[in-house]
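**Q** Let me give you the structure first, and then I'll get to my questions.
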Amino acid sequence: MADPVSPFTSPIFPVGVRRLAAHPNPALAVLVGRTGPVTVAGEGGRVTGDVLIVRPAISHCVAFAERGADVIYLNGLDFRFSAPLAVAATGALAVLAARAIGGEADAIAELRARSGLAAAPPRTNMAAIVRAIQADPMARMSQTELARRLGMERTQALRRFKAATGLTFRAFKLWSGLQHAARQIEAGVLVRTAAMDAGFADTAHLSRSFRAMFGLSPSAAIAGLGERGASLAGEGRRASK
């Protein structure tokens, strides 16, 4: 979901599996367990809670209760807490996170304001670049094109881009492509089709990148979504009896 002012998105994804392998989130993430607590563990320690706010760029493993969790990535924000790995959100902040996971625009905007630190709003030309990459990851904008659009030398343009987004130009393009692929896979698109639509060379390239960023393979993500659907269908049948 796009912020009405910021060019950065706040994508929401379901996680239907019980565990994620070690991976560093490229963006600040908020995890909301569906049926029980979430635990993240890494060199920064171990944190458990029903709702966790996880620092980006720190490698960690994740364990979920039955039926997994939902995650919202708050792109373009820095972690505002002093904890080395994650913090457990409680009370009003936990309720707010649950509302944001439900897709409420006002709740997402408030969660962004309360969970992360934003840099100064990107200049108009930088915001347009961010939106263009997110909208069409297959285009794979070049460094030369970035420099041209910003009207500066290539190295300076790359530094300016990282300062505005928190990611290198290459990492931001990869992250945007993976978000696009994840949405496609969630919608039922074949992995090979999602790979091509997101600008990856082939299915193997997408699978390697997907595992490195999300901690699981696309096939495991699909299986987890299927298990979640079956579980929800079973609950619906029991409730109707």
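**Q** So between E104 and F81, what do we pick up on full extension, going 0.36 nm a residue minus the alpha carbon distance? Don't skip to the answer; put the middle values down first.
**A** On the way: separation 23, 0.36 × 23 = 8.28 nm, distance 2.40 nm.
Additional length available on full extension: 5.9 nm.
**Q** When the Kirkwood hydrodynamic radius is evaluated over all pairs of different C-alpha atoms of the stretch 1-67, what value in angstrom, to one decimal, is obtained? Each step should come with its number before you reach the end.
**A** Values: mean 1/r = 0.0785 Å⁻¹.
Every distinct Cα pair counted, the radius reaches 12.7 Å.
**Q** Given R₀ = 45 Å, FRET efficiency for A92-T144 by Cβ-Cβ distance, to 0.05? Walk me through the numbers on the way to the answer.
**A** Numbers: r = 47 Å, r/R0 = 1.05.
Result of the calculation: an efficiency of 0.40.
**Q** Got a number for carbon plus sulfur as a percent of the stretch 1-120's accessible area, 1.4 Å probe? Walk me through the numbers before you get to the answer.
**A** Working: 2750 of 5020 Å².
Result for the stretch 1-120: 55 percent of the exposed heavy-atom area is carbon or sulfur.
**Q** Mind checking the full-extension length gain between A171 and T48? Use 0.36 nm per residue of separation minus the Cα-Cα distance, one decimal, nm. Can you show the working numbers first?
**A** Working: separation 123, 0.36 × 123 = 44.28 nm, distance 2.86 nm.
This chain segment gains 41.4 nm when fully extended.
**Q** Now for a separate question. Principal axis lengths of the stretch 1-159 from Cα atoms, whole Å, largest first?
**A** 50, 33, 31
**Q** Taking only protein heavy atoms and a 1.4 Å probe, what accessible area per residue, in Å², does the stretch 122-207 have with all protein chains in place? Spell out each step's value before the answer.
**A** Values: 4430 Å² over 86 residues.
That works out to 52 Å² per residue.
The values are calculated or read from the model by the stated rules, or taken from the named source; none is laboratory data. All figures in this text were calculated on a predicted structure; none of them were measured in a lab. Counting neighbours? That spans all protein chains shown, and the Cβs are built from the backbone with ideal geometry, glycine included. Just so you know, the surface numbers come from the protein's heavy atoms only, side chains and all, with ligands and any DNA or RNA stripped out. Shrake-Rupley method; radii C 1.70, N 1.55, O 1.52, S 1.80 Å.
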